[in-house]
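Structure, as structure tokens:
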Amino acid sequence: GLLLAAGLGAGVVNGVAGGGTLISFPALMAAGYPALRANVTSTIGIWPGYLGGSAGFRKEIVAQRMRLRGLAPSMVVGAVLGGVLLLTTPSRGFRRLAPFLLLSACALFALQPYVTAYFHRSGTAQRTKNAILHAGSLAAATYGAYFGAGLGVLLLALLATTLPEPLTRVNGLRSVMSLIINTVAALVFVVHAHVAWAAAGLMAASALAGGYVGARAARVIPSWCVRVFVIAVGIASAADLLASQH
């Protein structure tokens, strides 16, 4: 029951804006799984939620296929790097850094309209923004595969700041990027990690439904509500990570 509910909740949150790992990872820890196994199981268990979320945003995604193809190499390389790092290095140092990454992303997303306006006034070339977008996608993919909590917040902050698109289209792009990153990470973990398959299976079906519901809701929710929700999820994720360090 706990893992089914966690999969549904994680799917809905990921469908709206990302951050479902904040629900799935603690639930697996509460079910008695050690941190590393809970982390890789969470990635695989809630993966269908990203698929459902992308299906819910299909209208926004169709017109951005070329952009996705351009960003795919950065995301794949970053996700492979993050997955390998998770399986070969201690996570303590990265976990200490993660809350501050999330808080920085929240601040950037909150200030995004002003940052975008500054870029416009200063005449920042789209070429420069594209370079920031590719470098940021590589870094976000590495983070997402390595730990994942708040990946959607990081991606939304990056995309909204560098792309001249409405928030709904940015959110659709974020959903597919999250799907690609987590697909690559899941493949790495399936081959090399010790996954709790029973727990992952319980979460998978409910996460798929939750992702679709969350994405459909995000398409009709006003942009300011989505912005507030994203920032709240990011701050809650950061607070949860900080609390777990003490």
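The values are calculated or read from the model by the stated rules, or taken from the named source; none is laboratory data. None of the values given here were measured: they were computed from a predicted structure. Because the Cβ atoms are built from the backbone with ideal geometry, glycine has one as well, and the counts that use them run over all protein chains shown. The accessibility values were calculated without ligands, DNA or RNA, using every heavy atom of the protein model including side chains. Shrake-Rupley method; radii C 1.70, N 1.55, O 1.52, S 1.80 Å.
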Filter result (under 19 Å from M29 (Cα atoms) and either assigned to a helix (DSSP H, G or I) or free of Cβ contacts under 8 Å to residues at least 24 places away in the same chain (or both)) within the stretch 225-246: A236, S237, A238, A239, D240, L241, L242, A243, S244, H246
Residues of the stretch 57-69 classified as over 16 Å from the mean Cα position of the chain (by Cα) and surrounded by 14 or more Cβ atoms within 10 Å (Cβ to Cβ), total: 4
Condition broken by G172, with the remaining ones in (1) open to solvent by less than 60 Å² (accessible area, probe 1.4 Å); (2) out of contact with any Asp or Glu (no Cβ under 9 Å at 6 or more places or on another chain) satisfied: (2)
Identity of the residue in the stretch 225-246, open to solvent by 80 Å² or more (accessible area, probe 1.4 Å) and closer than 19 Å to G150 by Cα, that ends up farthest from the chain's Cα centre (by Cα): S244
All positions within the stretch 144-162 that are in contact (Cβ under 8 Å) with a residue 60 or more places away in the chain and either farther than 13 Å from G19 by Cβ or surrounded by fewer than 18 Cβ atoms within 10 Å (Cβ to Cβ) (or both): A145, Y146
Those residues of the stretch 49-65 which are among the hydrophobic types (A, V, I, L, M, F, W, C) and in a helix (DSSP H, G or I), in sequence order: L51, A55, I61, V62
Of the criteria (1) crowded, with 17+ Cβ neighbours inside 10 Å; (2) more than 16 Å from I181 (Cα to Cα); (3) not small (G, A, S), which one T89 fails: (1)
Test: residue in the stretch 29-43 that is within 29 Å of E165 (Cβ to Cβ) and of a type outside the set (G, A, S): yes
Total residues in the stretch 196-216, condition open to solvent by 40 Å² or more (accessible area, probe 1.4 Å), closer than 26 Å to K59 by Cα and of a type outside the set (A, V, I, L, M, F, W, C): 2
Contacts under 7 angstrom Cβ, first residue in the stretch 44-62 being farther than 18 Å from V12 by Cβ, partner outside any helix (DSSP H, G or I) and open to solvent by less than 30 Å² (accessible area, probe 1.4 Å), 6 or more apart: I44/V195
Only listed residue being small (G, A, S), open to solvent by 20 Å² or more (accessible area, probe 1.4 Å) and at pLDDT 90 or above, chosen from A193, A139, A107, A186: A139
